[in-house]
1. So which of E5, E25 is touching a residue at least 60 places away in the same chain (Cβ under 8 Å) and of a type in the set (D, E)?
2. Among the numbered criteria (1) in contact (Cβ under 8 Å) with a residue 60 or more places away in the chain; (2) touching a Phe, Trp or Tyr at 6+ places or on another chain (Cβ under 8 Å), which single criterion is violated by K56?
3. If S2 satisfies all but one of (1) among the small types (G, A, S); (2) loosely packed, with under 15 Cβ neighbours inside 10 Å; (3) modelled with pLDDT of 95 or more, what's the number of the condition it fails?
4. Does region 1-60 hold any residues that are aliphatic (A, V, I, L, M) and part of a loop (DSSP other than H, G, I, E, B), and which are they?
5. Which is surrounded by 11 or more Cβ atoms within 10 Å (Cβ to Cβ) and either closer than 18 Å to N75 by Cα or in contact with a Pro (Cβ under 6 Å, 6 or more places away or on another chain) (or both), of R20, R14, R42, R9?
6. Could you count how many residues in region 11-49 are under 12 Å from M64 (Cα atoms) and either aliphatic (A, V, I, L, M) or modelled with pLDDT under 95 (or both)?
7. Determine, yes or no, whether M34 is of a type outside the set (V, I, T), surrounded by fewer than 11 Cβ atoms within 10 Å (Cβ to Cβ) and either within 17 Å of the chain's Cα centre (by Cα) or closer than 30 Å to I3 by Cα (or both).
Amino acid sequence: MSIPETELREQLLRENEEFRKLAAEHQMYDQQLMELENKPFRSEEEELQEKTLKKKKLALKDQMYAMVQKYRKEN
């Protein structure tokens, strides 16, 4: 029986420093995005910043997913 991904993520958060760092960075980008999205008007620079944050956040999510998959195979 396969362990659910949420449980694997929780385990990695407890046991893996690199995963914790990625998760913290992902959360930081998420917070910055929420702040930008809550602005009624955004400058061109802020629009570009929003796109950049979304790309960085997605890259982190991909890294975290890869770590979960690797952990799943090893255990």
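1. E5
2. Unmet condition: (1).
3. All conditions are met except number (3).
4. M1, I3
5. R9
6. Going through region 11-49 one residue at a time, the tally reaches 5.
7. yes
The values are calculated or read from the model by the stated rules, or taken from the named source; none is laboratory data. Fair warning: this is a prediction, and the values are worked out from it, not measured in the lab. Positions of Cβ are generated from backbone atoms using ideal geometry, with glycine treated the same way; all protein chains shown enter the neighbour counts.
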